[in-house]
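Here is the structure we will look at.
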Amino acid sequence: MFRTCSLFLPAVVTLLVLCVGVYSAPVEQKYDTLVAPSLFEGDIAGIAPRGGFKSSDELSAAISRNGIRSGKWPGGRMYYRISDNFNSTERQVIVGAIAEINGNVSHFSLIRRTNEIHYVDILRGAPQTGCYSYIGTVGGRQVLNLEAPVAPRDPHCIRHGIVVHELMHAVGFYHEQSRTERDNFVEVNFPNIAQSKWHNFQSYETHQVTNFSQPYDYDSLMHYGRFDFANDRTVWTIRAKGDVQGKIKIGQRYGLSPIDILKMNAMYTGLEKKLN
Ligand SMILES: [Zn+2]
């Protein structure tokens with residue numbers, strides 16, 4: 001009897017260990033709660049009022065108020081907090097995105113917040129909350145929302161390129177195709193875009209944004225892709241000017257382009273005054 005048990009018991013333990021190894025209970029998803037703001041250009045918060053702009057003047061006023069010329073982080077120091085609701089893998093992605101910016105700029109740093117008043121709060125958003133950020137510093141706590149994945153194999157917003165893209169908004173950058181002279185470089189296929197989304201393809205004037213005298217950058221992390229906002233996903237919405245066959249690749253979500261880095265350095269070294 002005892003001998004049987006002593007043989008049987010290790011087998012049960014082994015079986016249990018194997019079972020636990022094979023079956024892991026679903027991990028509980030934790031989200032940060034937030035009031036979703038109205039979004040401008042798909043992922044920029046704090047500019048567009050609900051229902052859109054009534055006039056182009058209203059749009060201009062909003063951009064001037066929150067724009068690249070007035071929203072720099074004092075001393076080139078942007079403080080951030082990462083929500084505890086991210087799991088360790090997701091946190092690693094965010095830390096990697098922060099490292100990409102910190103490793104490429106010399107007069108600007110993303111610094112973990114201790115008790116600073118003005119900071120970016122990086123939140124793990126529930127499904128359907130989107131990926132978005134404010135442009136530059138807007139004062140106090142400002143949300144940078146990363147919609148969390150529903151399926152484990154779809155990281156959704158929590159991908160390196162997307163996180164760097166949203167952080168670039170927080171640093172103070174609009175989308176590349178918003179540049180003043182963009183019509184010389186890209187064309188927009190408005191018939192394939194819902195009219196309610198046309199504002200996403202607005203270009204800005206020189207008093208609103210500065211290009212730091214850098215050339216137009218099809219490869220920018222901040223450029224839209226060829227089919228973004230399409231009604232018919234098989235038809236382009238934005239393409240390099242005259243590029244009927246789609247040979248010139250526009251937009252990417254892998255990491256900072258060389259020109260993205262040059263512009264970020266220029267923004268925080270005061271070089272734009274000399275370059276303009
Ligand atoms: Zn964006």
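If you filter region 131-152 down to residues that are out of contact with any Gly (no Cβ under 8 Å at 6 or more places or on another chain) and in a loop (DSSP other than H, G, I, E, B), you find that the one that is nearest to the ligand (Cβ to nearest atom) is Pro149. Listed by first and then second residue, the pairs with beta-carbon distance under 8 Å, at least 6 apart or on different chains, first residue in region 208-219 and surrounded by 17 or more Cβ atoms within 10 Å (Cβ to Cβ), second aromatic (Phe, Trp, Tyr) and at pLDDT below 90, are Val209/Tyr174.
Answer with yes or no whether Arg91 is in contact with a strand residue (DSSP E or B) (Cβ under 7 Å, 6 or more places away or on another chain) and either modelled with pLDDT of 85 or more or charged (D, E, K, R) (or both). For Arg91, the condition - in contact with a strand residue (DSSP E or B) (Cβ under 7 Å, 6 or more places away or on another chain) and either modelled with pLDDT of 85 or more or charged (D, E, K, R) (or both) - is met. Considering (1) within 16 Å of the ligand (Cβ to nearest atom); (2) surrounded by fewer than 21 Cβ atoms within 10 Å (Cβ to Cβ); (3) free of Cβ contacts under 8 Å to residues at least 60 places away in the same chain; (4) not in a loop (DSSP other than H, G, I, E, B), say which one His156 fails and leave the rest. Of (1) within 16 Å of the ligand (Cβ to nearest atom); (2) surrounded by fewer than 21 Cβ atoms within 10 Å (Cβ to Cβ); (3) free of Cβ contacts under 8 Å to residues at least 60 places away in the same chain; (4) not in a loop (DSSP other than H, G, I, E, B), only one is false for His156: (4). Yes or no: region 192-202 includes at least one residue that is away from the ligand (no atom under 16 Å from the Cβ), at pLDDT below 90 and closer than 30 Å to Lys30 by Cβ. Checked region 192-202: no residue is away from the ligand (no atom under 16 Å from the Cβ), at pLDDT below 90 and closer than 30 Å to Lys30 by Cβ.
The criterion of being of a type outside the set (A, V, I, L, M), part of a helix (DSSP H, G or I) and either under 17 Å from Glu166 (Cβ atoms) or modelled with pLDDT of 95 or more (or both) does not hold for Arg81.
The values are calculated or read from the model by the stated rules, or taken from the named source; none is laboratory data. Everything numeric in this text was worked out from a predicted model, so none of it was measured. Cβ sites come from the backbone with ideal geometry, for glycine too, and all protein chains shown count toward neighbours.
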